[in-house]
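**Student:** Please read through the structure below; I'll follow up with questions.
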Amino acid sequence: MRLNSGVIKMKTDELGDWRRTHYSTDINPQLDGKQVVVMGWVREIRDLGGIRFIILQDRKGTVQITVPQDAADQKIVAKSGLLHRQDCIAVKGAVKKMDKAPRGAEIVPDNIKILGAAKQPLPLDITGRTPAEIDVRLDFRVLDLRSDRSQAIFKVRHVVLEAVREFLSKNGFLEVNTPKIIASATEGGAALFPIVYFEREAFLAQSPQLYKEQLVIDFEKVYEIGPAYRAEKSHTRRHITEFMSIDIEQAFATAEDVMNVAEKLMYNVCKKVNEECQEELKILKHKVPEPKVPFKRLTYTQVVEELQAKGIEIHWGEDIPTPAFRTLGAIHPYFYFITEWPSNLKPFYIKPRQDNPEISEGFDLMWSWIEIASGGTRVHDKEVLLKRLKEQGLHPESFKYHLQAFDYGMPPHAGWAIGLERLVMMLTGIKNIREVVLYPRDRFRLTP
RNA sequence: GCCCUGGUAGUAUAGUCCGGCCUAGUAUAGGCGGCUGUCGCCCGCCCGACCCGGGUUCAAAUCCCGGCCAGGGCGCCA
């Protein structure tokens with residue numbers, strides 16, 4: 001962690017009775033002569049000697065503040081000369097129609113308040129002209145998040161979440177929240193983070209899987225958007241230890257039913273991002289496809305054959321390694337499902353097919369080489385579930401409360417989970433998952 | 001857990017292979033001064049760095065060893 005040694009000497013002003021009247025983007029030539037108050041952060045200062053231009057940034061955009069040295073009150077001239085990049089300021093003044101100004105209008109200040117000073121020199125250049133590495137950017141995340149790039153990423157993320165909630169709610173799914181502190185570490189699969197829970201050990205939930213399955217008994221269609229924790233030592237651009245999982249579970253449904261939900265959801269998400277984030281996608285230099293539904297369905301067997309044809313050493317029944325997925329992504333650059341996975345590659349709660357138990361009703365939703373979602377028809381017969389648990393080396397006693405749910409009328413059901421960050425990565429073209437999380441957690445990073 | 005690469009001013013880089021002309025170059029940021037229409041303004045001056053420890057050598061940013069940190073990949077990952 002680097003710290004700069006600059007000292008803030010600036011005495012700041014009180015907000016007092018000043019309130020914002022306009023955002024930067026509201027300032028236009030039609031407001032010529034109108035008194036306004038704008039608030040935000042100093043993006044850039046261009047001092048030409050006789051005239052000084054201050055670019056003020058707020059959450060909507062930027063507007064130019066112009067201080068002509070001869071015309072203006074000398075107190076304003078002096079005050080504007082004290083400003084630094086990223087100082088938080090408020091400006092009261094008159095809008096002036098001006099063809100030469102960025103939005104055809106600028107503000108000539110009558111008064112300026114410095115509300116919060118910024119230590120100089122800044123640890124990174126938020127205009128991105130002198131780029132900083134991801135590590136430095138994350139160390140000074142509050143500053144970094146002010147950049148156009150970060151603002152664009154988190155706007156897209158917001159629109160994705162909005163689209164997901166809107167779509168699932170409209171389709172009859174009830175939003176639920178399940179515990180993230182859990183008692184048992186025996187669900188199998190990914191490693192869990194142990195925590196001290198008073199005088200006992202507890203764990204951070206790696207998935208809401210078991211809870212959402214139980215909840216279909218009571219609510220039939222549920223979804224949850226919440227954090228999941230995985231204590232894997234993965235060190236790649238697509239792994240973090242704390243991520244947001246979008247989960248659904250639906251009663252009286254099979255894999256095919258929830259695949260339909262997933263592809264329609266993806267269609268809606270892409271459509272909404274395209275509609276509402278054109279500016280942001282331009283900043284990120286990225287294009288989002290309008291996906292064609294239904295998505296391609298490839299069976300696991302087909303995938304293995306395609307990979308073998310590409311000269312990759314892989315045999316039926318083996319998991320698909322990362323480099324093979326990259327090859328697959330090159331063949332299928334957009335969305336596709338991989339279905340009919342071997343049962344032994346899928347978790348215990350994924351239903352083996354009736355006609356051939358070697359093959360499961362589990363699926364993955366891929367976008368190019370990235371796994372976006374994973375799901376399937378669930379086992380809803382308690383005996384089969386017990387058998388699957390034992391086969392995978394798990395202890396039924398540890399699942400006492402989960403198994404109990406199967407005694408009270410468990411309906412056939414299916415569901416999936418989408419990794420929000422991976423989806424946002426693909427929608428924004430961002431190559432490092434940490435960039436699409438405000439304060440990412442990975443194997444090595446626990447701060448800020 | 002394994003493998004690869006790297007660590008030079010606030011930031012980003014050149015120099016490292018092949019030790020000495022490095023008193024460490026450049027850009028940007030920052031400070032000071034000049035400039036009345038900038039929009040990556042411009043011009044001048046200034047400030048500021050070889051990750052830490054040990055070794056080799058007449059001489060180490062450069063070579064060797066150890067450590068720490070970072071980036072990436074693999075494996076792992078319901």
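The values are calculated or read from the model by the stated rules, or taken from the named source; none is laboratory data. Computed from a prediction, not measured in an experiment: that's the story for all the values here. Cβ atoms come from the backbone with ideal geometry, glycine included; neighbour counts cover every protein chain shown. Please note that ligands, DNA and RNA were not included when accessible areas were found on the heavy atoms of the full protein model with its side chains. Shrake-Rupley method; radii C 1.70, N 1.55, O 1.52, S 1.80 Å.
**Student:** Enumerate the pairs (first residue in region A:428-448 and more than 18 Å from A:Lys155 (Cβ to Cβ) and more than 9 Å from RNA strand B (Cβ to nearest atom); second residue anywhere and open to solvent by 30 Å² or more (accessible area, probe 1.4 Å) and not charged (D, E, K, R)) with beta-carbon separation below 7 Å, excluding pairs fewer than 6 apart on the same chain, so at least 6 apart or on different chains.
**Tutor:** Listed pairs, sorted by first residue: A:Pro448/A:Tyr439.
**Student:** Can I ask one more? Residue check: is A:Glu162 away from RNA strand B (no atom under 16 Å from the Cβ), open to solvent by 40 Å² or more (accessible area, probe 1.4 Å), at pLDDT 95 or above and farther than 24 Å from A:Ile65 by Cα?
**Tutor:** Details: away from RNA strand B (no atom under 16 Å from the Cβ): yes; open to solvent by 40 Å² or more (accessible area, probe 1.4 Å): yes; at pLDDT 95 or above: yes; farther than 24 Å from A:Ile65 by Cα: yes.
The answer is yes for A:Glu162.
Yes or no, residue by residue, for (1) within 14 Å of RNA strand B (Cβ to nearest atom); (2) over 30 Å from A:Glu162 (Cα atoms):
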position	(1), (2)
A:Ser360	yes, yes
A:Thr377	yes, no
A:Val384	no, yes
A:Tyr408	no, yes
A:Ala414	yes, no
A:Leu423	no, no
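**Student:** Would you confirm whether or not region A:238-255 contains a residue that is basic (Lys, Arg) and either more than 17 Å from the chain's Cα centre (by Cα) or open to solvent by 50 Å² or more (accessible area, probe 1.4 Å) (or both)? Please lay out each step first, then the result.
**Tutor:** We begin by selecting, within region A:238-255, every residue basic (Lys, Arg); these are A:238.
Retained after the next criterion (residues that are either more than 17 Å from the chain's Cα centre (by Cα) or open to solvent by 50 Å² or more (accessible area, probe 1.4 Å) (or both)): none.
No, region A:238-255 contains no residue that is basic (Lys, Arg) and either more than 17 Å from the chain's Cα centre (by Cα) or open to solvent by 50 Å² or more (accessible area, probe 1.4 Å) (or both).
**Student:** Yes or no: region A:302-315 includes at least one residue that is within 13 Å of RNA strand B (Cβ to nearest atom) and crowded, with 19+ Cβ neighbours inside 10 Å.
**Tutor:** Kept after step one, since they are within 13 Å of RNA strand B (Cβ to nearest atom), are these residues of region A:302-315: A:307, A:312-314.
From the residues that got through so far, the ones that are crowded, with 19+ Cβ neighbours inside 10 Å too are A:307.
Looking for residues that are within 13 Å of RNA strand B (Cβ to nearest atom) and crowded, with 19+ Cβ neighbours inside 10 Å, one finds at least one in region A:302-315, hence yes.
**Student:** Just for region A:213-235: of the residues that are outside any helix (DSSP H, G or I) and either among the charged types (D, E, K, R) or in contact with a Cys (Cβ under 7 Å, 6 or more places away or on another chain) (or both), which one is farthest from A:Phe348 (Cα to Cα)? Reasoning before the result, please.
**Tutor:** Within region A:213-235, the subset outside any helix (DSSP H, G or I) is A:220-235.
In the following step, the residues that additionally are either among the charged types (D, E, K, R) or in contact with a Cys (Cβ under 7 Å, 6 or more places away or on another chain) (or both) were identified as A:220-221, A:224, A:230, A:232-233.
On the way: A:Glu220: 21, A:Lys221: 21, A:Glu224: 21, A:Arg230: 18, A:Glu232: 20, A:Lys233: 23 Å.
Once the filter is applied, the top-ranked residue is A:Lys233.
**Student:** Inspect region A:69-83 for any residue being touching a residue at least 60 places away in the same chain (Cβ under 8 Å) and open to solvent by 30 Å² or more (accessible area, probe 1.4 Å) and give the result as yes or no.
**Tutor:** Pass one, region A:69-83, residues touching a residue at least 60 places away in the same chain (Cβ under 8 Å): A:82.
Next cut, open to solvent by 30 Å² or more (accessible area, probe 1.4 Å) only: A:82.
Looking for residues that are touching a residue at least 60 places away in the same chain (Cβ under 8 Å) and open to solvent by 30 Å² or more (accessible area, probe 1.4 Å), one finds at least one in region A:69-83, hence yes.
**Student:** To continue, here is another question. Looking at region A:337-353, is at least one residue loosely packed, with under 14 Cβ neighbours inside 10 Å, closer than 25 Å to A:Gln250 by Cα and among the polar types (S, T, N, Q)?
**Tutor:** yes
**Student:** Taking the criterion of being at pLDDT 95 or above, away from RNA strand B (no atom under 14 Å from the Cβ) and farther than 30 Å from A:Asp135 by Cα, would at least one residue in region A:79-91 satisfy it?
**Tutor:** Scanning region A:79-91 turns up at least one residue that is at pLDDT 95 or above, away from RNA strand B (no atom under 14 Å from the Cβ) and farther than 30 Å from A:Asp135 by Cα.
**Student:** Kindly indicate whether any position in region A:193-202 is in the same structural domain as A:Lys382 (by TED's automatic domain parsing), open to solvent by less than 10 Å² (accessible area, probe 1.4 Å) and either more than 12 Å from RNA strand B (Cβ to nearest atom) or more than 25 Å from A:Thr299 (Cβ to Cβ) (or both).
**Tutor:** Just the residues of region A:193-202 that are in the same structural domain as A:Lys382 (by TED's automatic domain parsing), to begin with: A:193-202.
Narrowing further to those that are open to solvent by less than 10 Å² (accessible area, probe 1.4 Å): A:202.
Restricting the remaining residues to those that are either more than 12 Å from RNA strand B (Cβ to nearest atom) or more than 25 Å from A:Thr299 (Cβ to Cβ) (or both) gives A:202.
So far as region A:193-202 goes, yes, one or more of its residues are in the same structural domain as A:Lys382 (by TED's automatic domain parsing), open to solvent by less than 10 Å² (accessible area, probe 1.4 Å) and either more than 12 Å from RNA strand B (Cβ to nearest atom) or more than 25 Å from A:Thr299 (Cβ to Cβ) (or both).
**Student:** Going residue by residue through region A:378-387, is there one that turns out to be surrounded by 22 or more Cβ atoms within 10 Å (Cβ to Cβ), touching a Gly at 6+ places or on another chain (Cβ under 8 Å) and in the same structural domain as A:Thr241 (by TED's automatic domain parsing)?
**Tutor:** Yes: region A:378-387 contains one or more residues that are surrounded by 22 or more Cβ atoms within 10 Å (Cβ to Cβ), touching a Gly at 6+ places or on another chain (Cβ under 8 Å) and in the same structural domain as A:Thr241 (by TED's automatic domain parsing).
**Student:** Please state which one of A:Leu145, A:Leu115 is away from RNA strand B (no atom under 15 Å from the Cβ) and touching a strand residue (DSSP E or B) at 6+ places or on another chain (Cβ under 7 Å). If you could, list the steps in order and put the result at the bottom.
**Tutor:** On the way: A:Leu145 fails: touching a strand residue (DSSP E or B) at 6+ places or on another chain (Cβ under 7 Å).
One residue alone meets the criteria, A:Leu115.
**Student:** Would you point out the residue of region A:172-183, among those that are open to solvent by 70 Å² or more (accessible area, probe 1.4 Å) and part of a loop (DSSP other than H, G, I, E, B), that is nearest to A:Phe219 (Cα to Cα)?
**Tutor:** Among those residues, the one meeting the criterion is A:Asn177.
**Student:** Would a scan of region A:365-374 turn up a residue that is in the same structural domain as A:Ser207 (by TED's automatic domain parsing), touching a Gly at 6+ places or on another chain (Cβ under 6 Å), at pLDDT 95 or above and closer than 24 Å to A:Ala251 by Cα?
**Tutor:** If we filter region A:365-374 for residues that are in the same structural domain as A:Ser207 (by TED's automatic domain parsing), which is where we start, we get A:365-374.
From what's left, touching a Gly at 6+ places or on another chain (Cβ under 6 Å): A:368-369.
If we keep only those that are at pLDDT 95 or above too, we end up with none.
Checking region A:365-374: not a single residue is in the same structural domain as A:Ser207 (by TED's automatic domain parsing), touching a Gly at 6+ places or on another chain (Cβ under 6 Å), at pLDDT 95 or above and closer than 24 Å to A:Ala251 by Cα.
**Student:** Also: Just name the residue that is nearest to A:Glu361 (Cα to Cα) out of those in region A:236-266 that are part of a loop (DSSP other than H, G, I, E, B) and away from RNA strand B (no atom under 14 Å from the Cβ).
**Tutor:** Start the filter on region A:236-266 by keeping residues that are part of a loop (DSSP other than H, G, I, E, B), which leaves A:236-241, A:252-254.
Checking which are away from RNA strand B (no atom under 14 Å from the Cβ) leaves us with A:252-254.
On the way: A:Phe252: 15, A:Ala253: 12, A:Thr254: 8 Å.
Only one residue fits best here, namely A:Thr254.
**Student:** Here's a check for you: in region A:123-142, which residue that is within 23 Å of A:Thr25 (Cα to Cα) and either assigned to a helix (DSSP H, G or I) or among the hydroxyl-bearing types (Ser, Thr, Tyr) (or both) is farthest from RNA strand B (Cβ to nearest atom)?
**Tutor:** In this case the residue turns out to be A:Val142.
**Student:** Would you confirm whether any residue within region A:18-30 is surrounded by 14 or more Cβ atoms within 10 Å (Cβ to Cβ), closer than 29 Å to A:Gly128 by Cβ and within 12 Å of RNA strand B (Cβ to nearest atom)?
**Tutor:** There is no residue in region A:18-30 that is surrounded by 14 or more Cβ atoms within 10 Å (Cβ to Cβ), closer than 29 Å to A:Gly128 by Cβ and within 12 Å of RNA strand B (Cβ to nearest atom).
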